[in-house]
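Here's the structure, in structure tokens; my notes come after.
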Amino acid sequence: MSPVPPAAVPFGFAELCNRKDRERTRKPSAEAKRPFQREMHRLREIEKVIRDRTSAPHILPHTVEGEALIKAAAYAMQAMQGDGGLQPVLRNWCLRWAPWANIHAASVLAPILSQIGGRRRDLTADSCALLIKLTLADRWRLKIATIGSCDHSKAQRAKLSAQRKRVMDKERVAAKRRAEGARPRAEYEARSLSSTKPWEAEGVSRRTWERKRAKAVASPSRLDTSRTSDAVATNGTAAAPSDAVAMNKARRETHLSPSRRKWR
């Protein structure tokens, strides 16, 4: 009978263990602990709608709209709970958001529980939006994702969302350009040559004015040497070939690193 290997073997400052033992002792990730649930996300968004439509302490009013929000939340809870167990969960939820529903449970909660019954699937996005009367403007403002809108279909929302994204992207790019120092189009056009027309003050045509400006910019103002011996001095006169070669050599020497100067 072979001896049982130890769970971990010391190796320097670490311990060696089997793969199965390492996988068994590995801590689960955050995603493994709390997987994404669409129904739970919808329930949180229904609560966000309640906070938006009511004032502190955010208690639903005993109205038809309040009962519709309770019904939408009950559908999401039923999809999470499955068969059975909806009544205590719904009562516990109503303790926070609609305490009057537990008092009038026979007239408020009982019809909802009997209508849902053994349903396992949640409402569709548009059906839930039609139940709680959620518009597209409120959907965008509250950043709702799992509930549709009662005034626009899914195809219309996709088209409007694409248009809205283009506008937002355009505004973001414009804000970035302004931060980098770019001038607005109106200001640029107001300062352009086509608007100021400086040639009219001089009494010449635009082509003549542009030709004069080009000559003024192209006038020699610095030493410009080439690889050949014909160098141009600052005053415009031709310099001697030997002077140009000496000046080019001195300029190259100033740009050499100390190590290259040493070996030269």
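The values are calculated or read from the model by the stated rules, or taken from the named source; none is laboratory data. Predicted model, so just to flag it, every value in this text is computed and none were measured. Ideal geometry is used to build each Cβ from the backbone, glycine not excepted, and the neighbour counts take in all protein chains shown.
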| Does region 158-170 include one or more residues that are polar (S, T, N, Q) and more than 23 Å from the chain's Cα centre (by Cα)? | no
| said: Is it the case, given these coordinates, that W93 is buried (at least 17 other Cβ atoms within 10 Å of the Cβ), of a type outside the set (D, E) and part of a helix (DSSP H, G or I)? | reply: yes
| Does P35 count as at pLDDT below 85 and outside any helix (DSSP H, G or I)? | yes
| query | If you go through region 142-159 one residue at a time, do you hit one that is surrounded by 12 or more Cβ atoms within 10 Å (Cβ to Cβ) and more than 29 Å from R44 (Cβ to Cβ)? | reply | no
| field | Options L113, L69, L123, L134; residue that is closer than 30 Å to S161 by Cα, modelled with pLDDT under 95 and of a type in the set (A, V, I, L, M, F, W, C) | value | L123
| task | Go through region 90-114 residue by residue and tally those that are free of Cβ contacts under 8 Å to residues at least 12 places away in the same chain and closer than 15 Å to A73 by Cβ. | result | 5
| note | Flagged pairs (Cβ under 9 angstrom, 6 or more apart or on separate chains; first in region 147-159, farther than 11 Å from S127 by Cα and without any contact (Cβ under 8 Å) to a residue 12 or more places away in the chain; second hydroxyl-bearing (S, T, Y) and surrounded by 12 or more Cβ atoms within 10 Å (Cβ to Cβ)) are Q156/S149
| E171, sole failed condition from (1) farther than 30 Å from Q81 by Cα; (2) part of a helix (DSSP H, G or I); (3) touching a helix residue (DSSP H, G or I) at 6+ places or on another chain (Cβ under 7 Å) | (3)
